[in-house]
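Coordinate-derived values only; no laboratory data. Fair warning: this is a prediction, and the values are worked out from it, not measured in the lab. Don't worry about glycine lacking a Cβ; one is built from the backbone with ideal geometry, like all the others, and counts go over all protein chains shown.
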């Protein structure tokens, strides 16, 4: 089709305020800028032509919901396509694309994006913003890695990554719990992350063609998707992180260390509680502030503060601990011997954080030279 005939078709579509235009298989070698006048279009097909580029004016078709550009000779696409905010399907497969613009990440209504059979060496992290996408096809390119941001695409049901040069897969893909199809075959993978064991809705996980893969072992991979998932889940259990640490309560005798620990364990306050002699050890469980369904376990050591026990403290003041230094606001920080305690902690556990807690502040304000203390003891939180 020559340019004159093409312009006549565009003029007619403009006059009729067409919402759909199919220009596939017309032998088109270039697309005139006038295409940008068809602002009523919701569907535009330009596949099976000989286009090497498309005009930026396509970005004016802001009502487009479907754009077909597959089976052409495109080496690039204009960033203006990022303005097509209503687009739900974008077909760019079977071209010669080396890269795609970051602006495609603005197409947040996309549910389908076809990019397979191009020459892409990388894809922009901004594709992680396409949170409504359900199908993403990237197979048969030259990708050596994929961005961790793809882990944000939690509505994905189908992800094609086969036929690339991938040497690793990010753990974050384990967040794509709606995936039913994940194709990773014919890459250069030596292992896949155990986190993929979380993808319990997978009907098919393909790994063949990764000649040097060790995890899962080939004998497991040959058994199919269920066997692979079971293997990955077993591996996750083996290396499940243990959230445990040591919490040391220190300070002079009678300042309220034991009462503070009881409060943290949701136990009632006891007036005149007997002072601790030696060392008391309790378990303290807390919800993790960032990780869902994770409970942290703190082994809380309550040290008797009397002078007779000070000599034994040095054997327990160790690094990789959290220190809680308690003092009585009624008697002042000098009576609490804060500098003495901080010197001991710094000498024995120089890398451990320290929290300073004042008790009995309902009776007297906590007047503390905090700036001076932080300058001398930077471990103070």
What nm distance separates the two modelled labels at residue 355 and residue 296, each placed 7 Å from Cα along Cα→Cβ? 0.8
Helix 225-238 against the longest principal axis of the chain: what's the angle in degrees, Cα atoms only, rounded to the nearest 10? 20
Which value in nm describes the separation of the simple spin-label points at residue 85 and residue 263, placed 7 Å from the Cα toward the beta carbon? 5.1
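Take the Cβ-Cβ distance between residue 365 and residue 288 as r, set R0 to 35 Å, and report the resulting FRET efficiency rounded to the nearest 0.05. All intermediate terms of the calculation are to be shown ahead of the outcome.
Details: r = 33 Å, r/R0 = 0.95.
The formula returns an efficiency of 0.55 here.
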Treat each spin label as a single point 7 Å out from the Cα along the C-beta direction, and report the residue 37 to residue 212 distance in nm. 5.8
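State the extension gain, in nm to one decimal, for the chain segment bounded by residue 168 and residue 121, taking 0.36 nm per residue of separation less the distance between their alpha-carbons.
Extending this stretch completely gives an extra 15.5 nm.
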For segment 1-19, list residues with backbone N below 19 Å from a point placed 7 Å from the Cα of residue 52 toward its Cβ? 1-4
Using the count of nearby Cβ atoms within 10 Å as a rough guide to exposure, how do 183, 249, 93 rank from fewest to most? 183, 93, 249
Per the helix-only calculation at 222 nm, which mean residue ellipticity applies to the chain, given -39500 (n - 2.57) for every DSSP H run of n ≥ 4 and division by its residues, nearest 500 deg cm²/dmol? -4500 deg cm²/dmol
Suppose R0 equals 56 Å; then what is the FRET efficiency for residue 22 and residue 144 from their Cβ-Cβ distance, rounded to the nearest 0.05? 0.95
Taking the beta-carbon count within 10 Å as an exposure proxy, list 94, 364 from fewest neighbours to most. 364, 94
For 294, 326, what's the fewest-to-most ordering of other Cβ within 10 Å of each Cβ? 294, 326
